[in-house]
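The values are calculated or read from the model by the stated rules, or taken from the named source; none is laboratory data. Note that this is a predicted model, so its numbers are computed, not measured. Neighbour counts run over all protein chains shown; Cβ positions are idealised from the backbone, glycine included. Note: accessible area is taken over every heavy atom of the protein model, side chains too, but ligands, DNA and RNA are not part of it. Shrake-Rupley method; radii C 1.70, N 1.55, O 1.52, S 1.80 Å.
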Amino acid sequence: MKQTVLVSGGAGYIGSHTAVELIGAGYDVVIVDNLSNSDMSGVEGVEKITGKHVTFVEADCCDKEAFRRVFEQYEFDSVIHFAASKAVGESVAEPLKYYRNNLTSFVNVVELMHEFGRRNIVFSSSATVYGEADSLPVTEQSPRKPATSPYGNTKQICEDILRDSVAAYGSLRGIALRYFNPIGAHPSALIGELPRGVPNNLVPFITQTAAGVRECLSIFGDDYPTADGSCIRDYIDIVDLARAHVAAIDRMVKGQSKQPYEIFNIGTGRGVSVFELVTTFERVNGLKLNYKVAPRRAGDVVAIWADTTLANRELGWHAERSVEDTLRAAWAWEKHVRGIE
Ligand code: UFG
């Protein structure tokens, strides 16, 4: 019998790509989303790519009664919980929004899983939990550093909520995936990242600058202690990231977890500087980007990239797409959104 996975936040960027990969792997998907930072185009894109009807429920995971009705109505044993607010700067300005949204929705999902006896949950965590790491690459054993934003703090607290709940409630199994920097779009250009307003993240700012929506990209700092002076990150293709969720669900469904609560880094294992990313984007897409060097951005770590040995071995998952392919897909998506060519 086909297994069903509940995907909270499934209309959003990572959620929609994951829904496509789950369906491709033979799972049925129920998406629940309040569309606070997305719209139905994500769900429609999933349907176009897969050729399958997707069950969609518009509900806020913070509204426990509305969320309970989803548990009453649908049979699923596994949940992937994406639904959360994710802008670091906004979380500093509006911490209570972040604590309310991210913690309430997560407590609700875990409580409802316990109440209904649903077993497997994947939580969207972040490399932000490592802060400025003492040594690179970071493994899952690298220490978590005190969070530098309320957003980052909610990721740490939710990891702890999951660890403690799994320890207390025998039937529950959990996997926290610590994402590095997700970028790119589905190769079909039917789904991708749709930031509202001015993008906070590098790649949407690059593609919007290339499309003429933004005048000039600011590179935040060229005087960091790195080879070219810009910060280094581990940019993971969105489709590869989506496939990691399928691997995590497969592992729990097949009873292959070694511990009831597990953590995996999801990255490429390779650090790329901001300048390298910008010049690669220009090269693979045959265009010139208008950019300037600007002051450092508060709160940025100098460099981080993942040791992915554990995910490679235990999940049987590897990042496959090259940064070149990913940056081509990012540009194809931006052109699709803007109606270019
Ligand atoms: N950058 C620029 N110009 C921009 C945007 C970003 O130079 O317009 C630089 C940043 O300074 C950083 C790099 O590009 O060096 C990547 O920045 P992003 O904002 O794309 O990504 P971050 O690494 O800052 O953010 C990621 C995740 C967050 C997470 C954070 C933790 O997107 O969810 O890591 O540090 F919280």
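Annotations for the structure displayed:
- Within segment 1-10, being open to solvent by less than 10 Å² (accessible area, probe 1.4 Å) and among the aliphatic types (A, V, I, L, M) holds for Val5, Leu6, Val7.
- Consider segment 21-47 and keep the residues that are assigned to a helix (DSSP H, G or I), of a type in the set (Val, Ile, Thr) and open to solvent by less than 10 Å² (accessible area, probe 1.4 Å). The one that is nearest to Lys64 (Cα to Cα) is Val43.
- Considering the conditions (1) more than 20 Å from Cys216 (Cα to Cα); (2) open to solvent by less than 20 Å² (accessible area, probe 1.4 Å), Trp305 is excluded by exactly one of them, (2).
- In the condition set (1) outside any loop (DSSP other than H, G, I, E, B); (2) buried (at least 21 other Cβ atoms within 10 Å of the Cβ), Ile191 is compliant with all but (1).
- Residue satisfying all of: in segment 308-341; open to solvent by 40 Å² or more (accessible area, probe 1.4 Å) and of a type in the set (Asp, Glu); farthest from Pro187 (Cα to Cα) among these: Glu341
- For segment 143-157, filtered to residues that are touching a Phe, Trp or Tyr at 6+ places or on another chain (Cβ under 7 Å) and within 10 Å of Gly131 (Cα to Cα), the residue that is least open to solvent (accessible area, probe 1.4 Å) is Lys145.
- Residues located in segment 66-86, provided they are within 16 Å of the ligand (Cβ to nearest atom) and either among the hydroxyl-bearing types (Ser, Thr, Tyr) or part of a loop (DSSP other than H, G, I, E, B) (or both): Phe82, Ala83, Ala84, Ser85, Lys86
- In segment 284-321, the residues that are under 30 Å from Ile175 (Cα atoms) and within 16 Å of the ligand (Cβ to nearest atom): Gly299, Asp300, Val301, Val302, Ala303, Ile304, Trp305, Ala306
- Test: residue in segment 288-297 that is in contact with a helix residue (DSSP H, G or I) (Cβ under 9 Å, 6 or more places away or on another chain), in a loop (DSSP other than H, G, I, E, B) and exposed (fewer than 13 other Cβ atoms within 10 Å of the Cβ): yes
- Selection of first residues in segment 200-217 that are within 19 Å of Ala87 (Cα to Cα) and β-branched (Val, Ile, Thr) and of second residues that are in a helix (DSSP H, G or I) and open to solvent by less than 30 Å² (accessible area, probe 1.4 Å), restricted to Cβ pairs under 6 Å at least 6 apart or on distinct chains, gives the following pairs, ordered by first then second residue: Val203/Ala330; Ile206/Phe281; Thr207/Ala330; Thr207/Trp331; Thr207/Glu334.
- When we screen Ser230, Ser273 for residues that are under 18 Å from Lys292 (Cα atoms), among the small types (Gly, Ala, Ser) and crowded, with 22+ Cβ neighbours inside 10 Å, the only hit is Ser230.
- Residue, nearest to the ligand (Cβ to nearest atom), within segment 207-223, restricted to residues that are part of a strand (DSSP E or B) and either open to solvent by 10 Å² or more (accessible area, probe 1.4 Å) or under 19 Å from Phe180 (Cβ atoms) (or both): Phe220
One line per residue, one yes/no per condition, for (1) more than 9 Å from the ligand (Cβ to nearest atom); (2) out of contact with any Cys (no Cβ under 9 Å at 6 or more places or on another chain); (3) assigned to a helix (DSSP H, G or I):
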| site | (1), (2), (3) |
| --- | --- |
| Phe205 | no, yes, yes |
| Pro225 | yes, yes, no |
| Val246 | yes, yes, yes |
| Phe264 | yes, yes, no |
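- From the options Ala210, Ala176, Ala168, residue that is modelled with pLDDT of 95 or more, in contact with a Leu (Cβ under 7 Å, 6 or more places away or on another chain) and farther than 21 Å from Glu324 by Cβ: Ala176
- Residue satisfying condition, being surrounded by fewer than 17 Cβ atoms within 10 Å (Cβ to Cβ), farther than 24 Å from Asn181 by Cα and aliphatic (A, V, I, L, M), within set Ala66, Ala59: Ala66
- For segment 111-137, taking the residues that are over 19 Å from the mean Cα position of the chain (by Cα) and among the aliphatic types (A, V, I, L, M), the one that is nearest to the ligand (Cβ to nearest atom) is identified as Ala133.
- Filter result for Pro199 (modelled with pLDDT of 95 or more, more than 22 Å from Val293 (Cβ to Cβ), near the ligand (Cβ under 9 Å from one of its atoms) and not aromatic (Phe, Trp, Tyr)): no
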